[in-house]
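The structure under discussion appears below in the form of structure tokens.
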Amino acid sequence: MKTEMKKEKTDIKTIDASGRTLGRVASEIAMSLMGKTKASFERNKYCGVPVKVVNVSKLHITPKKLESIYHTRYSGIPGGLRILKGTETAEKKGLSELIKLATYQMLPANKLRRKMMQNLKIED
């Protein structure tokens, strides 16, 4: 006798970032990636929804806020910690990288975080 596994249909959630602030967009993305918007939420399993973010270049963020955002990068060698401003990251990699970093910090720091981030697609 064969047992069949039913595969759930995964609908991609599209989020429009035009005219919205960085934190509000990132928190909505994080909630959807964790699966907290679904009734079948479980902490120990990935049950989130794949998320696609559009119009990232139209994100509302002030220059003063970009100056106050800091994040770190570590190369792995002693003395290799780099502290970067939000303006540097926005110039070099764009606003999509800032959304990625903000969402990454809002997700739980466990083994499912990497799987959740793989389901995030960002478009300009």
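Of these, LEU98, LEU107, LEU33, which one is touching a Lys or Arg at 6+ places or on another chain (Cβ under 6 Å), among the hydrophobic types (A, V, I, L, M, F, W, C) and surrounded by 14 or more Cβ atoms within 10 Å (Cβ to Cβ)? Just one listed residue meets the conditions, LEU107. Listed by first and then second residue, the pairs linking a residue in the stretch 89-102 that is closer than 14 Å to LYS65 by Cα and without any contact (Cβ under 8 Å) to a residue 40 or more places away in the chain to a residue that is charged (D, E, K, R) and surrounded by 16 or more Cβ atoms within 10 Å (Cβ to Cβ), with Cβ atoms under 8 Å apart and 6 or more places separating them unless they lie on different chains, are THR89/GLU97; ALA90/GLU97.
A quick yes/no check of all residues on (1) loosely packed, with under 12 Cβ neighbours inside 10 Å; (2) among the polar types (S, T, N, Q); (3) at positive phi; (4) not in a helix (DSSP H, G or I):
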site: GLU28; (1), (2), (3), (4): no, no, no, no
site: SER40; (1), (2), (3), (4): yes, yes, no, yes
site: ARG43; (1), (2), (3), (4): yes, no, no, yes
site: TYR46; (1), (2), (3), (4): no, no, no, yes
site: VAL49; (1), (2), (3), (4): no, no, no, yes
site: LYS52; (1), (2), (3), (4): no, no, no, yes
site: ILE61; (1), (2), (3), (4): no, no, no, yes
site: LYS65; (1), (2), (3), (4): no, no, no, no
site: ARG73; (1), (2), (3), (4): yes, no, no, yes
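Assessment of the stretch 99-115 against the conditions (in a helix (DSSP H, G or I), among the hydrophobic types (A, V, I, L, M, F, W, C), modelled with pLDDT of 95 or more and touching a strand residue (DSSP E or B) at 6+ places or on another chain (Cβ under 8 Å)) yields at least one matching residue.
Scanning the stretch 76-95 for residues that are surrounded by fewer than 17 Cβ atoms within 10 Å (Cβ to Cβ) and touching a Leu at 6+ places or on another chain (Cβ under 8 Å) yields a count of 2.
The values are calculated or read from the model by the stated rules, or taken from the named source; none is laboratory data. None of the values given here were measured: they were computed from a predicted structure. With ideal geometry, Cβ positions are generated from the backbone for all residues, glycine too; neighbour counts draw on all protein chains shown.
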